[in-house]
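Asker: Take a look at this one; I'll ask things after.
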Amino acid sequence: MSKKQVIDNTDRYKGEAGNFQSLESDDGPGPMKSVEGWILIAKGIHEEAQEDDLFDAFSKYGPIKNLHLNLDRRTGFVKGYALVEFSEFAHAQDALNGINKSEGICGKKIQVDWAFKKPNKKGALKQIKKQ
């Protein structure tokens, strides 16, 4: 690296700490799409549930793009949550409403919610203009 490059980089880090870009949206709080689809988080899953159990329950509402059921490395049991991704908003919304109203999976009631949500306007971070 030349001496000129080092000098040019010195003003790169000047005084921007604490300035955040806005996360606000025009349509208010609600579900937010991930890069590829609509992701739901299912909580309270029975420790002996299998991926097939979740797949069967959620696929009733539309094609599942991706399903992650995380296991505890030490015990091999389910950690108690899963992430389910749908390509279409309507399928994800139907699954959220349907599973929350159902009797559950493996005899245990689970809670389903959006994995990503838009922030409330009141709590959103805003850009601070330097004077």
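The values are calculated or read from the model by the stated rules, or taken from the named source; none is laboratory data. The model shown is predicted, which means the values in this text are computed figures rather than measured ones. Here the Cβ is made from the backbone with ideal geometry for all residues, glycine too, and neighbour counts use every protein chain on show. With ligands, DNA and RNA removed, areas are computed over all heavy atoms of the protein, side chains included. Shrake-Rupley method; radii C 1.70, N 1.55, O 1.52, S 1.80 Å.
Asker: Mind giving me the FRET efficiency for Asp52 and Leu83? R0 is 25 Å, r the Cβ-Cβ distance, nearest 0.05 is fine. All intermediate terms of the calculation are to be shown ahead of the outcome.
Answerer: Values: r = 16 Å, r/R0 = 0.65.
Once rounded, the FRET efficiency stands at 0.95.
Asker: Per residue, how much accessible surface does the stretch 39-118 expose to a 1.4 Å probe? Answer in Å², no decimals. Write out the running numbers ahead of the final one.
Answerer: Working: 4770 Å² over 80 residues.
I get 60 Å² per residue for this part.
Asker: Report in % the part of the accessible area of the stretch 34-119 that belongs to carbon and sulfur, leaving out ligands and nucleic acids; probe 1.4 Å. Walk me through the numbers before you get to the answer.
Answerer: Values: 2470 of 5140 Å².
Heavy-atom surface of the stretch 34-119 belonging to carbon and sulfur, 1.4 Å probe: 48 percent.
Asker: Need one number: nm distance between label points at Lys65 and Val35, each 7 Å from Cα along Cα→Cβ, rounded to one decimal.
Answerer: 1.2
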